[in-house]
1. Anything in the range 20-43 that is acidic (Asp, Glu) and not in a loop (DSSP other than H, G, I, E, B)? List them, or say none.
2. If we keep just the residues of the range 1-23 that are within 12 Å of GLN47 (Cα to Cα) and surrounded by 15 or more Cβ atoms within 10 Å (Cβ to Cβ), which is modelled with the highest pLDDT?
3. List every residue pair whose Cβ atoms lie under 6 Å apart, where the two residues are 6 or more positions apart in sequence or sit on different chains, the first residue falls within the range 9-32 and is free of Cβ contacts under 8 Å to residues at least 24 places away in the same chain and under 13 Å from PHE53 (Cα atoms), and the second residue, located anywhere, is assigned to a loop (DSSP other than H, G, I, E, B) and acidic (Asp, Glu).
4. For the range 5-20, which positions are among the aliphatic types (A, V, I, L, M) and closer than 18 Å to THR56 by Cβ?
Amino acid sequence: MILQKQKAKNTFFLNCNLKGAIFDITNLENADFSTAYNFSINPSSNQIKNAFFQKTTVLGYLVHLILE
């Protein structure tokens with residue numbers, strides 16, 4: 001699944017397996033990923049303001065950040 005230049009604002013990804021999903025230049029503001037899993041979101045190429053994540057799934061977001 002490729003979500004490129006899409007509007008997924010306020011979307012609930014309820015128990016979704018997003019393995020292989022590509023988010024690119026997508027508006028994910030207020031999207032709820034709290035029960036989604038296997039996702040990878042690059043924050044530099046997507047709008048993710050106020051998106052919801054759980055501690056157990058947030059690694060799909062953090063993988064694109066350089067953490068020290």
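The values are calculated or read from the model by the stated rules, or taken from the named source; none is laboratory data. Keep in mind it's a predicted model, so treat the numbers as computed, not measured. Glycine gets a Cβ as well: all are built from the backbone with ideal geometry, and neighbour counts include every protein chain shown.
1. ASP24, ASP32
2. Filtering the range 1-23 for residues that are within 12 Å of GLN47 (Cα to Cα) and surrounded by 15 or more Cβ atoms within 10 Å (Cβ to Cβ), the one modelled with the highest pLDDT comes out as PHE23.
3. The qualifying pairs do not exist here.
4. Step one: of the range 5-20, the residues among the aliphatic types (A, V, I, L, M) are 8, 14, 18.
Within the range 5-20, LEU14, LEU18 qualify.
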